[in-house]
Amino acid sequence: MPEQYASAAAVESAIRDAASLASKVDGAPNKDQLILREYFNRFLSRIFSDGESSEWVLKGGTGILARVPSTRSTMDIDLYREGFSLDEALKELRVLSSVDLDDHFRFEYVKHDSSLATDAQPYVDGCRVTFNIYLGVAPKGKLQVDLVTGSGMTEEATVIEPQGALLLPRLNSSPYRIHPVVDQMADKICATMTVYNGRNSSRVKDLVDLVVFATTQRIDGTSLSEAIDSERRRRRMDSFEEFVVPSDWGAGYAKFTKSVRQLHAYESFERAVDLVSRLIDPALQGIANGSVWQPNSLRWVPENPS
């Protein structure tokens, strides 16, 4: 057990110093973003404090940041509790958020607002939960959690230490359980292909995330194909064999190309679409079964070449 900080002021100083140091690394987020991520980490370390017995899963942008810390920032946390109703999940979330990690942080429940299924979370029951953040007695802003009870998972959650976390060994932290990468991709692929009340998806960030996955993640082709098929059926979509991105996303995509390092080589909207199509289309057509996507070479490679 590491020696704990004696005061909230000491914790705040340690976080600021660590964030200042980390922000100097080429391509790193700025100091304020890193401090906010540590606040998220303090909260999530409570949620996952049950360790191997935890049934919580981190989804969404925060889950991607846990894998790839240089990707786009996000302002909320998406969580899923396996096997619980929404009321049960909300009750447990409030209990876990109050766990004392001897870090002088406190997360005070404020309210929750019911939310219906949206473009981002179809066929799920959920709510948005608001907490006030305190370090000692000092308020540090608000934290919002999008809590859902339905989640298309075809594999076990991935357990990882959050990549890019600040070096703060005297603060108790927990590994995260995050949404499997193939299921995250399947959600984004199907969301992009869905027509919502006669209009195309406006979730440009899904293309951003798919480029990030293509350039950073090793992906099993069979698993990706199965995940897409599962998500397609969950959304009651017809089958499709080609990934098509709405043609009017170019301007929105361009807004991310300077701030997300993985997009620097794909500033052109057309190049980005070509890359993700080379990743996704073989999985849609079954050609990628038995192969693995290699992010270094940006191509599918047989898993067991003869």
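The values are calculated or read from the model by the stated rules, or taken from the named source; none is laboratory data. What you are looking at is a predicted structure, and each value in this text was computed from that prediction instead of being measured. Here the Cβ positions follow ideal geometry from the backbone for every residue, glycine too, while neighbour counts run over all protein chains shown.
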Checklist outcome for this item: How many residues of the stretch 112-155 are at positive phi and either at pLDDT 95 or above or assigned to a strand (DSSP E or B) (or both)? The answer is 2
Checklist outcome for this item: Within the stretch 41-86, residues being under 10 Å from Y176 (Cα atoms) and among the aromatic types (F, W, Y) number 2
Next on the checklist: I'd like to verify a number: residues in the stretch 47-92 that are in a loop (DSSP other than H, G, I, E, B) and either at positive phi or acidic (D, E) (or both), how many?
Outcome noted: 5
Checklist entry - In the stretch 1-20, what residues are touching a Lys or Arg at 6+ places or on another chain (Cβ under 8 Å), of a type in the set (D, E, K, R) and either within 23 Å of G164 (Cβ to Cβ) or surrounded by 14 or more Cβ atoms within 10 Å (Cβ to Cβ) (or both)? => result R16
